[in-house]
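Let me begin by presenting the structure, written as structure tokens, before commenting on it.
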Amino acid sequence: MLANAGVLHSKRWLEHFRARGHEVRLWSLERPLAGLEAEALPASPVPGFARYPLALPAFRRALAVYRPDLIDAHYVPNYGLLGALADFHPLSVTAWGSDLLITGPRNPLQRARAGFVLRRADAVFADSANLAHAARTLGAPATRVHEIPWGVDPARFRPGRREKGLLLSTRMHEPVYDLPTLIEGVAPVLARMPHTRLVIAGDGSCRVALERLAAARLPAGRWRFVGRLDPEALAEWLGRADLSLSASRSDSTSLSLLEAMAAGAIPVVSDIEGNREWVEEDDGARLFGVGDSAGVTRALQRALGDPAWAEAARARNARVIAERGTWAVNMGRIERVFESLVAAGRGSRGAKNATGE
């Protein structure tokens, strides 16, 4: 596995497949999360994606010793590129969303880089229809693209003791998630509805500016930043929340959306394609236009003002998660693709040996 060892998604994948009985090793340029085993690749002091190709000699030496059945590279422009340059097969590439929806089509150089990686992958995993479309558009052969959402664990993310009027954001504090629009849209609701309050989880480069904006726009004592949460604490907050808010400008399948749906927090989210694969206006959620703070206000008022609709939406969302958003089921689909790639690779090598090639 090639991935950023400093993020939770990598840890979840690694631990899942180890628990399934596979021997999995993770190679990464980034410092791993506490308690996560990872093989360090050299991180050269150069900016941007160039650090990853420079790690190629060390990675090739590691491959010669470890001799894996398969490489799974996460995030197309960096570890996907490193996996493609290693010229090892079978190679699967797992897209995370912004790598193909935002970075991939940004300019000719980045389009060429994405295409180079996607054409060399034996399988490309995309967690939504719009991400799968982006992969094909950028060069992935259609037959190699597998549209499989990662899903969530309903045993962890489940309804708890609901706190009426608790508005929760769990998105990272980065520009793509547009928390300023969220804060501006929440402000009139908190002013008019004294029982409501806003809790903002997560962290990121915009946190200081966001806290200043909240202090200027929101009623004192009615909002709180709680920082980055571990999975258990995150699930507990979502189980208590009345509504889950996201103003993201771009997403494939948002895990934060699925977590909210499983936990019974009504999504109030931006009207983008990745969200509409799971919810629609009046069908499990309230939606608002990208960057529209007044739309956030209206969506919140609609959600808070109709308890009967909210209960129906919670039941509907729980059914959707059970039908197509469960982690164990969907990761099982990915595991079967891995197994088929490995079997095909062994068959190909056996055929070459039989003919003396």
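The values are calculated or read from the model by the stated rules, or taken from the named source; none is laboratory data. What you are looking at is a predicted structure, and each value in this text was computed from that prediction instead of being measured. With ideal geometry, Cβ positions are generated from the backbone for all residues, glycine too; neighbour counts draw on all protein chains shown. To get the accessible areas, we keep the full protein, side chains included, count just its heavy atoms, and leave off ligands, DNA and RNA. Shrake-Rupley method; radii C 1.70, N 1.55, O 1.52, S 1.80 Å.
Quick notes
- Just one residue in the set Ala121, Ala142 is open to solvent by 20 Å² or more (accessible area, probe 1.4 Å) and either touching a Ser or Thr at 6+ places or on another chain (Cβ under 8 Å) or at pLDDT 95 or above (or both); that residue is Ala142.
- Residue check, Met172 under 17 Å from the mean Cα position of the chain (by Cα) and either of a type in the set (A, V, I, L, M) or open to solvent by less than 10 Å² (accessible area, probe 1.4 Å) (or both): yes
- Pair list, Cβ < 6 Å and 6+ apart or interchain, from region 205-228 residues that are in contact (Cβ under 8 Å) with a residue 60 or more places away in the chain to residues that are outside any strand (DSSP E or B): none
- Residue check for Arg61: open to solvent by 50 Å² or more (accessible area, probe 1.4 Å) and in contact with a strand residue (DSSP E or B) (Cβ under 8 Å, 6 or more places away or on another chain): no
- Matching entry among Val7, Val24 (being in contact with a Leu (Cβ under 7 Å, 6 or more places away or on another chain) and under 24 Å from Thr253 (Cβ atoms)): Val24
- For region 273-285, a tally of residues being open to solvent by 20 Å² or more (accessible area, probe 1.4 Å), within 14 Å of Ala312 (Cα to Cα) and touching a strand residue (DSSP E or B) at 6+ places or on another chain (Cβ under 9 Å) returns 2.
- Lone unmet requirement of (1) hydrophobic (A, V, I, L, M, F, W, C); (2) open to solvent by 60 Å² or more (accessible area, probe 1.4 Å); (3) assigned to a loop (DSSP other than H, G, I, E, B) for Phe49: (3)
- Screening Val93, Val117, Val124, Val76 for residues that are within 23 Å of Leu8 (Cβ to Cβ) and part of a helix (DSSP H, G or I) leaves exactly one candidate, Val76.
- Any hit, region 298-316, residues being surrounded by fewer than 17 Cβ atoms within 10 Å (Cβ to Cβ) and more than 24 Å from His195 (Cβ to Cβ): yes
- Residue in region 262-272 that is open to solvent by 60 Å² or more (accessible area, probe 1.4 Å), modelled with pLDDT under 95 and more than 26 Å from Gly21 (Cβ to Cβ) present: no
- Helices (runs of 4 or more DSSP H) contained in region 252-343 and holding at least 2 residues among the small types (Gly, Ala, Ser) and within 24 Å of Asp178 (Cα to Cα): 255-263, 293-304
- Residues within region 1-33 that are open to solvent by 20 Å² or more (accessible area, probe 1.4 Å), in a helix (DSSP H, G or I) and touching a strand residue (DSSP E or B) at 6+ places or on another chain (Cβ under 8 Å), tallied: 1
- Residues that are over 14 Å from Arg171 (Cα atoms) and open to solvent by less than 10 Å² (accessible area, probe 1.4 Å) within region 236-251 comprise Gly239, Ala241, listed in sequence order.
- Matching residues in region 191-221 - criterion: being crowded, with 19+ Cβ neighbours inside 10 Å and charged (D, E, K, R): Arg197
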